[in-house]
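The values are calculated or read from the model by the stated rules, or taken from the named source; none is laboratory data. Fair warning: this is a prediction, and the values are worked out from it, not measured in the lab. Here Cβ is always computed from backbone atoms with ideal geometry, including for glycine, and neighbour counts include all displayed protein chains.
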Amino acid sequence: MASEPAHRSLPFAGSLDLKRTVGPLIGPSPALGAISEREVWRASRTPEGPATIHVVPVDGGIEAAAWGEGASWALQQLPDLLGLDDDPASFKPDSGLVRDLHLRALGMRFGATRSVFEALVPTILGQKVTTKESHRSYRRLISAFGEKAPGPGDFSLPPAPEVLAELPYFDYHPLGIERKRADTIRRVAQRAQRLEEVSTLAASDAVKRLMAFDGIGPWTAAFVMAASRGDADAVPVGDYHLPNMVAWALAREPRADDARMLELLEPYRGHRGRVIRLLKQAGVHAPKFGPRSTVRSFEQT
């Protein structure tokens, strides 16, 4: 039976879309949580221990309950998770598609998990492979090496950094994780505590700290900055699809490179990541030409 939870009530009168805000922060596995327009469940490892948090909007505010050793930390960080300090209304695009999407999604905020390592592992798994493949590998990693999360529900904790740091390569390989990504995960797991400092550094120093690790480039750093710090300006350069999506949405150009994407996003500086998230959540995509990327299996290589 689950232990008694800790509770927190937050008065809040602004607009908050739980699904758009916290959905990107749960992670690419249903084992880590569940979300709807009416509630959020999220399991995580905090600096004070494992925690599961349950969040429900109510008239005039937000009610939350949390279980586990990290319950107090999770409740303390609740405003960050929900992006309550983010101000979507400060974003005022003049006209066009971006303005229309923004006005339809004023409750979409940039929340922050303040958990750098937890954001980093699934992002590393997304390097140079399809989304389907990376999500499958992460689900397998949690199933094999995660633990039962505290509290009610059938949720799991992501694998602890000390576990991932010690795993030999032959334990990663059956999960569809080849040596390069496995080695990167093991390196960052060995320095997980130092990586957590990224959540408190100045933005430029945080990116430098991340990219000082072999295997972490600007693409990975941008995703981690967005998830762990709520950076609404983070732009993942080096992505296969994003330049085309941005160019099609903003200039009706079906193909583009990173330089063109950054040029088109420049008028939105300070909110460039917000523009990308609005486009992605609206299902915007460039016309497809040629064959799709194939899903590779590293299990047989």
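Worth a mention:
- Filter result for Leu120 (over 18 Å from Arg8 (Cα atoms), without any contact (Cβ under 8 Å) to a residue 12 or more places away in the chain and either among the basic types (Lys, Arg) or not assigned by TED's automatic domain parsing to the domain that holds Leu264 (or both)): no
- Top-ranked residue in the stretch 24-46 [being among the small types (Gly, Ala, Ser) and touching an Asp or Glu at 6+ places or on another chain (Cβ under 9 Å); ranked as nearest to Ala65 (Cα to Cα)]: Ser44
- When each of Pro93, Pro159 is tested for being in contact with a Phe, Trp or Tyr (Cβ under 9 Å, 6 or more places away or on another chain), more than 22 Å from Ala34 (Cβ to Cβ) and assigned to a loop (DSSP other than H, G, I, E, B), the lone residue that passes is Pro93.
- Restricting attention to the stretch 197-249 and to residues that are acidic (Asp, Glu), in contact with a helix residue (DSSP H, G or I) (Cβ under 8 Å, 6 or more places away or on another chain) and surrounded by fewer than 18 Cβ atoms within 10 Å (Cβ to Cβ), the residue that is modelled with the highest pLDDT turns out to be Asp214.
- The stretch 41-90: number of residues that are surrounded by fewer than 20 Cβ atoms within 10 Å (Cβ to Cβ) and touching a helix residue (DSSP H, G or I) at 6+ places or on another chain (Cβ under 7 Å): 4
- Number of positions in the stretch 141-182 that are among the charged types (D, E, K, R), surrounded by 15 or more Cβ atoms within 10 Å (Cβ to Cβ) and over 30 Å from Ser72 (Cβ atoms): 3
- Test result for Pro50, part of a helix (DSSP H, G or I), of a type outside the set (Asp, Glu) and under 18 Å from Gln77 (Cα atoms): no
- Scanning the stretch 251-289 for residues that are surrounded by 20 or more Cβ atoms within 10 Å (Cβ to Cβ) and in a loop (DSSP other than H, G, I, E, B) yields Ala256, His271.
- If you check Ser115, Ser143 for being among the polar types (S, T, N, Q) and more than 29 Å from Asp85 (Cβ to Cβ), only one passes: Ser143.
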